[in-house]
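Input: a single structure, listed below in structure tokens.
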Amino acid sequence: MSKPVHRIAVLPGDGIGPEVMNEALRVLKSVSCKFEIDFDFNEQLVGGAAIDELGSPLPEVTLNACRESDAILFGSVGGPKWESLPPDQQPERGALLPLRKHFSLFANLRPSVCFPSLVHASPVRADIVKGGFNVLCVRELTGGIYFGEPKEIRNDEKGRHAVDTMRYHESEIERIAHVAFRSAMERSKKLTSIDKANVLRNGILWRETVEAVSGDYPEVSLDHLYVDNAAMQLIRRPRDFDVILAPNLFGDILSDEMAMIAGSLGMLASSSLGIDKGDGLYFGMYEPSGGSAPDIAGEGIANPCAQILSASLMLRYSLGHSEAADAIDNAVRAAIDEGIRTADIYTSEQGTQRVGTKEMGDAIVEEIRKESSN
Ligand code: NAD
């Protein structure tokens, strides 16, 4: 039987996007040899670059490429050049949000990884993060208080007042819970669900539904935390957590808290998953957690690790190649452990070497090559 060809829409975008995307593509090509994976990359413009060339942040040709693909590998969009455009025509609002909406990307997964050799970059006390940590934040992305109606500012006899509505259907909680439980099954089988069941009706339904879904995953140990307590515990003992599952609002805040604790934005990948394609795989969009970093764009010094680790998430969640994903994760870790550092994670420690974007990519490709020959 012939091997499937994985069609990938590659959207480098603006700023450092094209620079770090280059390295991610080189890394994907190197695992394609080792694991015999066939990719068909369809590169298209998005964001400011697409506005300049084609007059829209998400041109039809780009959207079509995404529709015809198994996954989207996204760089980052935006920059000062396009900030004065009307909000809906700006790169982020005009490209990212429509993509999320079009493909119903309901699950946001952000691994917050603090590598043992980068604990100095964390603002948290060394004895707390010693040895590093690896927490996966699973955030519901298309429901809850960000989208519930009514949502408006009104006038009544007491003056202006604002209304936002937090609404979750059981089915929305179930599908995100399945993503979190499946992720936990691939990791250390430990899941912490976050809610505010002591105050919100949404929290009660969230907790009951997650408990019910847990019946399908008897091997996963499940516990629940109120969000205020979770915000404290994640700082106090991040190493005790593995997968956390949260509604949209709480996940937004906690995943940024975790990114901060991990210390280096240039290392953090993210994925937004949509429809379940069957056999546990999803259509998804994969991108670094950071933005287009206009302050360093074009200098060849951006850290490509977040983009490379996003490609690894794509292999894991959309393409079903966990071994190749593991190989990339291990190669990034090995390069860091060997002291290779881009400027954002460099300190003049003994045994470390400051390198540019391409050299970081070279080091990771070389680690994959070394693993292949072992
Ligand atoms: P940013 O994440 O681009 O940059 C914040 C800081 O982190 C900067 O100092 C930057 O140099 C640094 N940084 C980020 N990624 C890095 C990397 N890979 N290597 C080394 N350093 C890195 O956030 P910002 O400055 O608030 O936003 C810049 C632009 O990016 C804005 O136009 C914003 O709208 C856009 N943005 C896009 C996305 C996206 O495309 N998903 C996300 C966030 C921001």
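Each residue of region 189-204 in turn: what ³J(HN,Hα) in whole Hz from Karplus with 6.51, -1.76, 1.60 and θ = phi - 60°, glycine and Pro shown as x?
Working through the residues one at a time gives 6, 9, 10, 10, 9, 10, 7, 9, 5, 7, 10, 9, 4, 4, x, 5 Hz.
Count of lysine pairs in the chain with Cα atoms under 22 Å apart, counting only pairs 8 or more residues apart in sequence or on different chains?
Total qualifying Lys-Lys pairs in the chain comes to 12.
Is the shape of region 191-287 rounded, prolate or oblate, going by the alpha carbon gyration tensor and its root eigenvalues a ≥ b ≥ c, with a/c under 1.5 for rounded and a/b larger than b/c for prolate? Write down the numbers at each step before the final one.
Details: a/c = 1.62, a/b = 1.03, b/c = 1.57.
The shape class here is oblate.
Which whole-Hz ³J(HN,Hα) couplings does region 21-34 yield from phi under the Karplus relation 6.51 cos²θ - 1.76 cosθ + 1.60, θ = phi - 60°, glycine and proline marked x?
Values per residue, Gly and Pro as x: 5, 3, 5, 4, 5, 4, 5, 4, 5, 6, 6, 5, 5, 5 Hz.
Using only the alpha-carbon atoms of region 289-364, report the extent along each of the three principal axes, biggest first, to the nearest angstrom.
38, 30, 17
Please work out the average accessible area per residue across region 86-171, using the 1.4 Å probe convention, and give it in Å².
Details: 4720 Å² over 86 residues.
Value for region 86-171: 55 Å² per residue.
For His6, enumerate residues with amide H under 5 Å from its amide H, sequence gap 5+ or separate chain, H modeled in the peptide plane.
Distant-sequence amide H within range of His6: Asp38, Phe39, Asp40.
Out of residues 5 or more away from Leu136 or on other chains, whose amide H comes under 5 Å of its own, with H placed 1.01 Å from N in the peptide plane?
Those qualifying (amide H under 5 Å, at least 5 residues apart or on another chain) are Ser112, Val243, Ile244.
Please report, in debye to the nearest 20, how large the charge dipole of region 123-259 is about its Cα centre when each Lys and Arg carries +1 at its beta carbon and each Asp and Glu carries -1 there. The partial results should precede the final answer.
Working: 19 positive and 23 negative charges, 88 e Å.
Dipole size: approximately 420 debye.
Which three semi-axes in whole Å describe the equivalent ellipsoid of region 36-78, each the square root of 5 times a Cα gyration tensor eigenvalue, listed largest first?
Those come to 22, 11, 8 Å.
Tell me whether the chain comes out rounded, prolate or oblate; compute the Cα gyration tensor, take square roots of the eigenvalues as a ≥ b ≥ c, and use a/c under 1.5 as the rounded threshold. Write down the numbers at each step before the final one.
Numbers: a/c = 1.42, a/b = 1.21, b/c = 1.18.
Here the chain falls in the rounded category.
When the Cα centres of region 106-145 and region 1-76 are compared, how far apart do they sit, in Å?
26
Can you classify region 123-259 as rounded, prolate or oblate using the Cα gyration tensor, where a ≥ b ≥ c are the square roots of its eigenvalues, rounded means a/c under 1.5, and otherwise it's prolate if a/b beats b/c and oblate if not?
Working: a/c = 2.59, a/b = 1.47, b/c = 1.76.
Oblate, because a/c is 1.5 or more while a/b does not exceed b/c.
Compute, for the chain, the length of the dipole vector about the Cα centre, with Cβ point charges of +1 (Lys, Arg) and -1 (Asp, Glu) only. Units Debye, rounded to 20. Can you show the working numbers first?
Values: 38 positive and 55 negative charges, 108 e Å.
For the chain, the charge dipole is close to 520 debye.
For the chain, which whole percent of the accessible surface, found with a 1.4 angstrom probe, sits on carbon and sulfur atoms? Before the final figure, lay out the partial values.
Numbers: 8430 of 16830 Å².
C and S atoms contribute 50 percent here.
The values are calculated or read from the model by the stated rules, or taken from the named source; none is laboratory data. Nothing here was measured: the structure is a model prediction, and the numbers come from that model. Note that each Cβ is placed from the backbone with ideal geometry, even for glycine, and that neighbours are counted across all protein chains shown. Remember, those area values only see protein heavy atoms, side chains included, never the ligands or the DNA or RNA. Shrake-Rupley method; radii C 1.70, N 1.55, O 1.52, S 1.80 Å.
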